[in-house]
Amino acid sequence: MALTPRISPKAAVAVVIVVLAGLNVVDIRVARASLIVGPVVVAGLTGIARLAGLSWQDLGLGPGTWRPGLRWAAVEIGIVGLVLAAAAALPLTREAFRDTRYRLDLGSTLLTSLVLIPIGTVLVEELAFRGVLWGLLREVKGATTATVVSSALFGVWHVLPSLGLAANNEAVTGAVGTGRSAQTTTVLATVLFTALSGVVFCEVRRRSGSILASAGLHWATNGLAVLASSAVWAWGTR
């Protein structure tokens with residue numbers, strides 16, 4: 001059930017963007033802040049969306065959305081898992097998985113893939129961008145604008161995390177080199193890629209009507225990639 005708006009959706013959008021900008025900085029400066037601060041912040045943002053009149057259905061969390069969302073998620077996880085397994089096994093694409101951030105032992109790999117990413121990344125980003133922000137923007141300007149704007153902001157959200165990517169991933173280093181220009185190229189490519197990914201996540205969320213569908217795809221592309229990367233390092237083959 002939608003609530004009687006106590007604040008305008010436009011004002012709510014502005015507040016959400018400012019809060020997310022602050023969370024982005026905190027998450028980079030404070031190790032694992034997204035595990036605690038992130039869920040608290042998105043809970044607050046969800047409250048703001050409700051005050052702006054959005055229903056649970058508008059947020060992709062309403063009654064009747066859970067079962068179809070889980071079905072979508074299961075299919076997505078299966079498809080992405082097969083693709084990543086094949087890519088990690090093939091010498092031509094294996095180097096892309098040599099990210100030093102995920103040269104981990106089994107325990108750390110499972111912690112990252114099954115705890116840190118689901119809570120600190122998927123939960124926070126899906127509720128913030130495909131739940132609250134997309135729902136508010138759709139209320140203001142419609143679904144197309146909601147997808148374009150939220151996805152663009154999702155790309156910008158990844159600027160700070162991408163600053164060290166050129167140094168951490170062997171494939172990226174081999175492609176763009178090192179130094180300031182390489183970092184700039186990597187950041188721009190990351191922003192573009194994640195913005196396009198945001199469009200896909202938004203469309204999955206729109207078509208399914210459930211945020212669980214986009215969350216499932218998001219976890220598959222992140223969590224399973226960590227498992228694949230860790231496995232490649234463990235194999236020690238090139």
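Put a dot 7 Å past the Cα of Trp66, heading toward its Cβ, do the same for Leu110, and the two dots end up 2.7 nm apart. For the chain, the relative contact order comes to 32 percent (Cα pairs under 8 Å, sequence separation of at least 6). Taking every full run of DSSP H in the chain, the ones that stretch at least 27 Å from end to end by Cα along their long axis and average 0.0 or higher on the Kyte-Doolittle scale are 9-29, 66-89, 180-208, 211-235.
Measuring max minus min along each principal axis, the C-alpha atoms of the chain give extents of 59, 40, 31 Å (largest first). Compute the separation of the alpha-carbon centres of the range 76-138 and the range 187-238 and state it in Å as a whole number. One Cα centre to the other: 5 Å. With a ≥ b ≥ c the root eigenvalues of the C-alpha gyration tensor of the range 90-149, is it rounded (a/c under 1.5), prolate (a/b larger than b/c) or oblate? Taking the square roots of the gyration eigenvalues as a ≥ b ≥ c, the range 90-149 is oblate. What FRET efficiency comes out for the pair Glu203/Arg180, r = Cβ-Cβ distance, R0 = 45 Å, nearest 0.05? After rounding, the FRET efficiency stands at 0.80. The residue list Ser151, Gly198, Leu61 was ranked by how far each Cα lies along the charge dipole of the chain toward its positive end, using unit charges on Cβ atoms, and Leu61 comes out on top. Using 1/(1 + (r/R0)^6) with R0 = 45 angstrom and r between the beta carbons of Lys10 and Val83, what's the FRET efficiency to the nearest 0.05? Plugging the Cβ-Cβ distance into 1/(1 + (r/R0)^6) gives 0.65. Based on the Kirkwood approach, the hydrodynamic radius assigned to the range 1-119 is 17.7 Å, with every pair of different Cα atoms included. Given +1 at the Cβ of Lys and Arg, -1 at the Cβ of Asp and Glu and no other charges, the dipole of the chain around its Cα centre is 280 debye to the nearest 20.
The numbers here are math on the coordinates, done by the rules we state, and not lab data. Here the structure is a predicted model, which means the values were calculated and not measured. Positions of Cβ are backbone-derived with ideal geometry, glycine not excepted, and every protein chain shown enters the neighbour counts.
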